[in-house]
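Asker: First the structure, which I've put down as structure tokens, then a few questions once you've had a look.
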Amino acid sequence: MKSLAHALRLAMRQLRKSPGFTLTVVLTLALGIGATTAIFSLVEGILLRPLPFSDPDRLVLLGDHVGRNPGLGVTAREIATYQSAASAFSSIGGFIGASFELSGVARPEDVTAARITANVFSTLGTQPVLGRVFTAQEDDAHQPLAVISYALWMNRFQRDANILGKPIDLDRKTYSIIGVMPRSFEFPLQDGQLDQTQLWVPMSLKPEELTDANAGMWGFQLVGRLKDGVTVAQATQDADRVAQQVMRNFPANMAAIQITGDVSLLKEQAVDDVRPLLRTLFIAVAVVLLIACMNVAGLLLVRAIRRRREYAVRLALGAGSGVLLRESILEGLLLSLAGGLLGLGFAAAAIRTALHLLPESMPRVSSISMDGAVVAFALMVSIVTGSLCSVAPAFAAMRTNLTESLKDGARTGSGAQSHAWLRSALVVAEIAIALVLLTVSGAFLRSFQKMRAVDPGFRPDHVLVADYQLPLGQYSTDTSVNAFNRAVVDRLSASTSVVAAGITSVLPASGGWAGSAYTIEGVPASKWKLQFANFAIIDGDYFHALDIPLLDGRTFTAKDRADTPLVVIVNATMAKHCWPGQRAVGKRMHAGNPKKGLPWATVVGVVADTKIGARDEPSADQWYIPSEQPAILNDIQDTGTLTRAADGFIALRSTLPPDQMTHSLQAAVAEVDPVLALQHIQPMSDVVSDIEAPRRFNTDLITAFAAGALLLAVTGIYAVVAFSVSLRTQEIAIRMALGAQRSRIARLVLISALKMALIGCVLGVLGSLAVSRLIASFLFNASATDPFIYLAASVTMILMTLAASALPARRAASADPLDALRAN
């Protein structure tokens, strides 16, 4: 221990003697370790940390495969069937996402909520921090009770200790708060991810939800806990058996529909979509750390070579090679631990920034933090990095040639030149690895550029949008909903600065989806196949408001009322899919399957495809319905949708910038319903930007890693070339004394660097080809092996290598040969 303490003091003294070197190495390691730690915090928080439930590995989601359409959930009637007939589960609970207008306390606002059966909480194994949850008896009795989230309790009710029993109005109906859930509780899954649901109310299934008319209303969800010893495969077989029982109870008009059971682990559903991305990001940041390690190893190697005379003297005086090895590793560990501590600070700042920049589609964001596991990871990376970076300089110190190093002219002796291949190898490796990240970044940038070039089917400029939800208590009929919509549209249209105003139930670029099965005229029941199309209920001059082109026929008019023939408008993809080679206008279709015997609706127009999600998603079949024709609405509600006509998005196009129309929109709505809360009032361009955020985030992050790798590689190239030039000072002086031109000396240095760059680029291209399959799934209309990207990345690396070598080359060419020869 005494010897170790002495070696530690010596290492610290040596590092203090070279503050510039020490600071450079610490900052380089801090960048690499900090970036790696920040990405690991994402991986740990999203993928590795258990869900905040009791024994979460036993929790599964259950649903139906309906034909070739997975993930549709279950119907209301299936909840009771699964609870009584399934044998592979110790408990099963049903739930469905909801949204309520919360009022009665402070200003009204829309809150994300869920209707759940009483046993959902017991299935998850979570208890409230205050109060209790509702019982099955209260659920069956339709008791107006609410359990609120910790965040809602904090933000809306200021942690009121007397919150239990307080009344709140949900959709203007009074509920009583009976419990507050823990801070970490997140449920249910919304759109494939754990969402920050703000309150939970009893499922209290309505009689109409259990009728034959709504037997095809998929959209409810089931969460179950597997019995001990039961596997997911066995549970799936059990779910298939229950699905067969469900089909036997289908009404006659659903006889053509086939369903099978679908069981998946809750955790897998929560993180499945982001797992490949996080894996790719972690590999990318590990590559940056590897380049940083190579950089540090090169700097330590250069320092070891500069100290070879010191090492030779110490060896000559009897110091063992093991002592030099120990001191070298201790120096590396001190540097890496200092870099790790500084990197933790960088990582903490990066995490705080990332929490504001992460796209909304990223699940479990609240789980991301600098916890003990992340700190332990950073410490482990620091120790491993310091040990690995010390290997090359340690062996360089141990292999010091006493005779050569102690000569008067040892400055350019073979002891220094013997490690030239190792320094060059480190530079070549840095160039190769940086090139891989450059090509990946180029592919992501090209993909993002391709996506932005796709026509979304509408013009978002000068458009302001907002969403709302009408309380069912005051807007329980189609007539009352249509009266609200018409009044709002009329008031907005009366403004001189409004070009057009409309209302839709599904807004483009919002990621929303409301699907219904449909039948086209002329297809016999024996040949009918279950297929779903997205639909939107619209009012006002919606197509003009979003500037959606009309390709054929006409749009809806005021004459399309409840007492006139039913009409629909389809998009170009649906027209081509349903009536290939024919004109869609004049054709007829209806919701549901052929056996429903519903009234036909005539296609009166064809409009351009609009992207419901991001532009990189394929165009889907879509049809539009006038809100004034309730017969179509009722039919759709009987065939599988849970979208309420009382939910909607207001869209207005104006001559003024969208932000200047916010007050006009709020005033128009307040004239119709002074209490109604408008949500997400924003320019349509922001909606488009939000839906593109995940791909933009991926691209920006990969590009940042590539830029960091390039910066580290250039730094390493400069350090090695500068040191190589210093070692060749005597050789360069002799060449100049014999008549060599200064331009030739500069060219000599640049050619040496160019050779390393060319070798590194060849290896980098091979590495890029190797990882092309890994990134192919993230690209849109772009190839991971695009020759142009490879060429651009290679040219960039070569130019950056030459730029990093330019200053050492200039110094070599401007050196005075007499001074150089005297110094040697």
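Asker: Where does each of 741-750, 563-572 land if you order them by average Cβ count within 10 Å, highest first? If you can, show how the numbers build up before the last one.
Answerer: Details: 741-750: 16.3, 563-572: 20.1.
Ranking the peptides 741-750, 563-572 by packing returns 563-572, 741-750.
Asker: Additional query: Calculate how large, on average over all directions, the projected area of the Cα convex hull of the chain is; give the answer in nm² to one decimal.
Answerer: Working: hull surface 175.0 nm².
Value for the chain: 43.8 nm².
Asker: Still on this structure: Hey, any idea what % of the chain's accessible area is carbon plus sulfur with a 1.4 Å probe?
Answerer: Details: 20610 of 35170 Å².
C and S atoms contribute 59 percent here.
Asker: For the chain, what are the DSSP H helices with axial Cα length of 27 Å or more and mean Kyte-Doolittle hydropathy of at least -0.5?
Answerer: Details: long enough: 19-43 (35 Å, 1.78); 275-306 (46 Å, 1.78); 321-357 (52 Å, 1.29); 372-398 (38 Å, 1.93); 420-453 (49 Å, 1.17); 693-727 (50 Å, 1.26); 742-776 (48 Å, 1.49); 787-814 (40 Å, 1.15).
Going by DSSP H runs, the hits are 19-43, 275-306, 321-357, 372-398, 420-453, 693-727, 742-776, 787-814.
Asker: Over the chain, what is the relative contact order in percent, taking alpha-carbon pairs closer than 8 angstrom and at least six residues apart? Don't jump to the answer; show the numbers that get you there.
Answerer: Numbers: 1507 pairs, mean separation 137.4, N = 824.
That works out to 17 percent.
Asker: Highest first, please rank the peptides 649-656, 600-607 by the mean number of other Cβ atoms sitting within 10 Å of their residues.
Answerer: Details: 649-656: 22.6, 600-607: 20.6.
So the peptides 649-656, 600-607, ranked by packing, come out 649-656, 600-607.
Asker: From largest accessible area down, sort Lys576, Lys595; use a 1.4 Å probe on the protein chains. Intermediate results must be reported in sequence, preceding the final value.
Answerer: On the way: Lys576 155, Lys595 115 Å².
Largest accessible area first, the list is Lys576, Lys595.
Asker: Taking Cα centroids, how far is region 698-715 from region 99-154 in Å?
Answerer: That distance is 46 Å.
Asker: Now for a separate question. Grab the other residues whose beta carbon is less than 11 angstrom from that of Trp579, score K and R as +1, D and E as -1, and report the net. Walk me through the numbers before you get to the answer.
Answerer: Details: positive: Lys576, Arg583, Lys587, Arg588; negative: Glu521.
Cβ neighbours under 11 Å give a net charge of +3.
Asker: Let me ask another. Could you name the lysines in cross-link range of Lys166, using Cα to Cα under 28 Å and dropping any fewer than eight places away on the same chain?
Answerer: Lys206
Asker: Filter Lys450/Lys559; Lys559/Lys595; Lys527/Lys611 down to the pairs with a C-alpha to C-alpha distance above 32 Å, please. Intermediate values should be presented prior to the final figure.
Answerer: On the way: Lys450/Lys559 42 Å; Lys559/Lys595 30 Å; Lys527/Lys611 30 Å.
With Cα atoms farther than 32 Å apart: Lys450/Lys559.
Asker: Going toward the positive end of the dipole of region 429-577, with +1 on Lys and Arg Cβ and -1 on Asp and Glu Cβ, which of Thr496, Thr479, Ala517 do you reach last?
Answerer: Most positive-ward Cα: Ala517.
Asker: Taking only protein heavy atoms into account and a 1.4 Å probe, give the accessible area per residue of the chain in Å². Mind dumping the intermediate values first?
Answerer: Numbers: 35170 Å² over 824 residues.
On a per-residue basis, the chain sits at 43 Å².
The values are calculated or read from the model by the stated rules, or taken from the named source; none is laboratory data. From a predicted model like this one, the values you see are computed outputs, not experimental measurements. Cβ coordinates were reconstructed from backbone atoms using ideal geometry, including for glycine residues, and neighbour counts include every protein chain displayed. Please note that ligands, DNA and RNA were not included when accessible areas were found on the heavy atoms of the full protein model with its side chains. Shrake-Rupley method; radii C 1.70, N 1.55, O 1.52, S 1.80 Å.
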